[in-house]
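Here is the structure we will look at, set down as structure tokens.
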């Protein structure tokens, strides 16, 4: 895979932008993407499966898109919950720049596109939506999820989409065993599984 991935902090591959049309939160919108980020040509299938499966987000509070890429999940959250604060978190600086540009294109003022360490430590999240970067490797993936999922607010749910062939079932077991979450397979479509993870006191 080389050293330049969509999860590289500063991708070296061409950063020229392109415009794509996608449907988010019931709207047809034109957004910008670029090389060196995840799925720059189109809305990837896993993210579409997630967005089609999740219920409407909480209308207030702090909402987290973990691994934001060029922003389809964060933008969907922000469009559906204009009074909430959306945190679009990524390690890729180019991706964060694209989220900011796309938020501006849509007139959204409730999106914070930031590096992980720039999120205040005391925030709890009313929901987390994520198409997590499985290809970073199991150790890094587990460390990322162990950092963020325990920050769910009481009664809150994290929604994760994972390809079945990339370990959706083993991840479901790990979330329950290691993080103590109540995890359900909420949906399945096109080879993907949508997992709903809640604290065990959320019921």
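The values are calculated or read from the model by the stated rules, or taken from the named source; none is laboratory data. Since we're looking at a predicted model, the values are computed, not measured. Quick reminder, even Gly has a Cβ in these numbers, built from the backbone with ideal geometry, and neighbours come from all protein chains shown.
Inspect all residues belonging to region 150-158 and state whether any of them is in contact with a strand residue (DSSP E or B) (Cβ under 9 Å, 6 or more places away or on another chain) and not in a strand (DSSP E or B). Yes.
Only one of the numbered conditions (1) at pLDDT 95 or above; (2) closer than 27 Å to residue 168 by Cα; (3) crowded, with 16+ Cβ neighbours inside 10 Å; (4) more than 16 Å from the chain's Cα centre (by Cα) is not met by residue 32, and that is (2).
Assess whether residue 56 counts as being surrounded by fewer than 21 Cβ atoms within 10 Å (Cβ to Cβ), in contact with a helix residue (DSSP H, G or I) (Cβ under 8 Å, 6 or more places away or on another chain), modelled with pLDDT of 95 or more and assigned to a loop (DSSP other than H, G, I, E, B).
Yes.
Looking across region 92-121, the residues that are in contact (Cβ under 8 Å) with a residue 12 or more places away in the chain, over 23 Å from residue 157 (Cα atoms) and not in a helix (DSSP H, G or I) come down to 92, 106, 108. When residue 139 is tested against the conditions (1) part of a helix (DSSP H, G or I); (2) under 21 Å from residue 90 (Cβ atoms); (3) touching a strand residue (DSSP E or B) at 6+ places or on another chain (Cβ under 8 Å), the lone failure is (3). The condition (being within 24 Å of residue 134 (Cα to Cα), outside any loop (DSSP other than H, G, I, E, B) and in contact (Cβ under 8 Å) with a residue 24 or more places away in the chain) is satisfied by just one residue among 43, 31, 79, 64: 64.
Quickly run through region 164-179 and pick out the residues that are surrounded by 12 or more Cβ atoms within 10 Å (Cβ to Cβ) and farther than 20 Å from residue 133 by Cβ. Listed by number, the list holds a single entry, 176.
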